[in-house]
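Down below is the structure, laid out as structure tokens.
The values are calculated or read from the model by the stated rules, or taken from the named source; none is laboratory data. Predicted model, so just to flag it, every value in this text is computed and none were measured. Reconstructed Cβ throughout: ideal geometry from the backbone, glycine too, with neighbour counts over all protein chains shown.
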């Protein structure tokens, strides 16, 4: 599962990377929607590339809200949904059945650009966060779906699936991972003519773990009273008790 993310690329960098332009309606500035630590349970805004506007960067709220509800009431909605993960992630196994997802999976898929994300590792009952990023300091394309609320807000969720060997080693309790898209599959993910079989095939394509960098970071990530939206949060921290970390280096 992914409840904590990082997005440190400026908007012009994302425009160049995805050959997309920022949505002009929102007067998006070059340094908007950036953060070293974006806590999903605070429901921050992130830029996404929506299926309905596949060459546009559009603001979104992290935490999908059903289309029949209003974003103006999001605090009340998220308070109820917090025990279920706050709409931050969508299990791929439920995409075609669960009422919040089944309308979106065909017509409202999206790409969520991130520079990194955090996953918890359990070591003898102690939760240690690991930071994942592209090994070449690039952008990671996360597969997501979105909804348009009754009052016109775009809200999204990140799709998860069963963990690869690398992710299972790190996220060793839930053993899940977010769905990452290879660059050559990004445009295909946004195609309007895909059926259930094709969508499932894309979700299940194995992402090359060797292109990722991962290492442990400070446990401050989980402390609500500590300011964590700074570069220190993605700095590697040594945990001598984690003997396997050296083997993660590419």
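Exactly one residue out of 69, 102 is over 24 Å from residue 18 (Cα atoms), surrounded by fewer than 20 Cβ atoms within 10 Å (Cβ to Cβ) and touching a helix residue (DSSP H, G or I) at 6+ places or on another chain (Cβ under 8 Å), and it is 69.
I'm trying to understand the selection: among the residues of the stretch 100-125, which are in a strand (DSSP E or B) and within 16 Å of the chain's Cα centre (by Cα)? Those that are in a strand (DSSP E or B) and within 16 Å of the chain's Cα centre (by Cα): 109, 110, 111, 112, 113, 114, 116, 117, 118, 119, 120. When the stretch 33-49 is limited to residues that are touching a residue at least 24 places away in the same chain (Cβ under 8 Å) and not in a strand (DSSP E or B), the one that is nearest to residue 234 (Cα to Cα) turns out to be 34. In the stretch 19-35, the qualifying residues are those that are under 29 Å from residue 76 (Cβ atoms) and in contact with a helix residue (DSSP H, G or I) (Cβ under 7 Å, 6 or more places away or on another chain), and the one that is surrounded by the fewest Cβ atoms within 10 Å (Cβ to Cβ) is 32. Exactly one residue among 95, 57, 46 is buried (at least 20 other Cβ atoms within 10 Å of the Cβ), in contact with a strand residue (DSSP E or B) (Cβ under 8 Å, 6 or more places away or on another chain), at pLDDT 95 or above and within 22 Å of residue 228 (Cβ to Cβ), and that residue is 46. Within the stretch 233-249, can one find any residue that is within 16 Å of residue 116 (Cβ to Cβ), in contact with a helix residue (DSSP H, G or I) (Cβ under 8 Å, 6 or more places away or on another chain), surrounded by 11 or more Cβ atoms within 10 Å (Cβ to Cβ) and touching a residue at least 60 places away in the same chain (Cβ under 8 Å)? Yes: one or more hits. Note on the stretch 178-203: residues that are touching a residue at least 60 places away in the same chain (Cβ under 8 Å), closer than 19 Å to residue 91 by Cα and either under 16 Å from the mean Cα position of the chain (by Cα) or exposed (fewer than 13 other Cβ atoms within 10 Å of the Cβ) (or both) amount to 6.
Note on the stretch 6-27: among residues that are free of Cβ contacts under 8 Å to residues at least 40 places away in the same chain and in a loop (DSSP other than H, G, I, E, B), the one that is farthest from residue 46 (Cα to Cα) is 19.
Checked against (1) out of contact with any strand residue (DSSP E or B) (no Cβ under 7 Å at 6 or more places or on another chain); (2) under 21 Å from residue 1 (Cβ atoms); (3) assigned to a loop (DSSP other than H, G, I, E, B), residue 207 passes all but condition (1).
Criterion applied to 138, 85 was being on the phi > 0 side of the Ramachandran plot and surrounded by fewer than 21 Cβ atoms within 10 Å (Cβ to Cβ), and the one residue passing it is 85. The listed residues are 165, 216, and the only one of them that is in contact with a helix residue (DSSP H, G or I) (Cβ under 8 Å, 6 or more places away or on another chain), more than 25 Å from residue 56 (Cβ to Cβ) and surrounded by 18 or more Cβ atoms within 10 Å (Cβ to Cβ) turns out to be 216.
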